[in-house]
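Some notes on the structure that comes next.
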Amino acid sequence: MSDPETLAVYAAQARRYAAYNQAVNESDPRLAAFIAALPAAGDVLDLGCGPGHSARVMAAAGLNVLAVDAVAEMITLAAQHPGVTAQQQTFDDIKGSDFYDGIWANFSLLHAPRSDLPRILKSLHTALRAGGRFHIAMKLGTDTKRDTIGRAYTYVTQDELYNLLSTAGFNITKTTTGRDKGLDGTYADWIAVAAYG
């Protein structure tokens, strides 16, 4: 993610975002299923970790967690969780092969430009070990626009996301959809997909 306005919103509202999302992340059944599918003491990347709530839950479960985010204020918060290694990185910084048993991309890649998604997903697939688990959550729709507080979003349809994942080499195992209120106070439909490499 390199959109300056989106980064600035998250930097300014890091603590509010952390408070807003804490209970949601801790009770997420998709996170529990993701953790259960990984080997004991497996290596995990939390991509776009925000304040690190999911990373904290994964670390508490005994996983080796690298939490990355493009926003320094988020990394400061994520680094406070025991067992979490937090680094400031963008989506484009994820390179190399066979590093992770799992990658958790929960409502982070929706900030990537649509044209970048194929390349980013392919890099993530390469970074996964054979059979590694992948979680992605995005907002449903067909356009690209900013929300009421200035964050840029790329909305996808279910078919579009399936095609992106398949083209990158992922095998889809489960899909969940829902509708929730975001940080900007508006409701949006979303999709979460579990897959493996």
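The values are calculated or read from the model by the stated rules, or taken from the named source; none is laboratory data. All figures in this text were calculated on a predicted structure; none of them were measured in a lab. Glycine gets a Cβ as well: all are built from the backbone with ideal geometry, and neighbour counts include every protein chain shown.
Yes or no, residue by residue, for (1) in contact with a Leu (Cβ under 7 Å, 6 or more places away or on another chain); (2) crowded, with 19+ Cβ neighbours inside 10 Å; (3) at pLDDT below 95; (4) among the acidic types (D, E):
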position	(1), (2), (3), (4)
A60	no, no, no, no
A67	no, yes, no, no
V71	yes, yes, yes, no
A86	no, yes, no, no
Y100	yes, yes, no, no
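Note on segment 59-88: residues that are closer than 30 Å to E5 by Cα and of a type outside the set (V, I, T) amount to 15. The requirement of being in contact (Cβ under 8 Å) with a residue 24 or more places away in the chain and in contact with a helix residue (DSSP H, G or I) (Cβ under 7 Å, 6 or more places away or on another chain) is not satisfied by A188.
Scanning segment 74-95 for residues being part of a loop (DSSP other than H, G, I, E, B), touching a helix residue (DSSP H, G or I) at 6+ places or on another chain (Cβ under 6 Å) and without any contact (Cβ under 8 Å) to a residue 40 or more places away in the chain gives a total of 2. Residues that are at pLDDT below 95 and within 16 Å of the chain's Cα centre (by Cα): does segment 156-167 have at least one? No: segment 156-167 contains no residue that is at pLDDT below 95 and within 16 Å of the chain's Cα centre (by Cα). Considering segment 145-169, and only residues there that are touching a residue at least 24 places away in the same chain (Cβ under 8 Å) and β-branched (V, I, T), the residue that is nearest to R129 (Cα to Cα) turns out to be T167.
Go through the residues of segment 37-54 one by one and say whether even a single one is among the hydroxyl-bearing types (S, T, Y), over 26 Å from R146 (Cβ atoms) and touching a residue at least 12 places away in the same chain (Cβ under 8 Å). No, every residue in segment 37-54 fails to be among the hydroxyl-bearing types (S, T, Y), over 26 Å from R146 (Cβ atoms) and touching a residue at least 12 places away in the same chain (Cβ under 8 Å).
How many of the residues in segment 106-144 are touching a residue at least 40 places away in the same chain (Cβ under 8 Å), closer than 16 Å to E160 by Cβ and part of a strand (DSSP E or B)? Result for segment 106-144: 5.
Every test in (1) out of contact with any strand residue (DSSP E or B) (no Cβ under 6 Å at 6 or more places or on another chain); (2) modelled with pLDDT of 95 or more is passed by T177 save one, and that test is (1). Are any residues in segment 170-197 farther than 30 Å from A130 by Cβ and outside any strand (DSSP E or B), and if so, which ones? Correct list: G182, L183, D184, G185, T186. Take I191 and decide whether it is modelled with pLDDT of 95 or more, touching a Phe, Trp or Tyr at 6+ places or on another chain (Cβ under 8 Å) and over 20 Å from G42 (Cβ atoms). So I191 does not fit the description; no.
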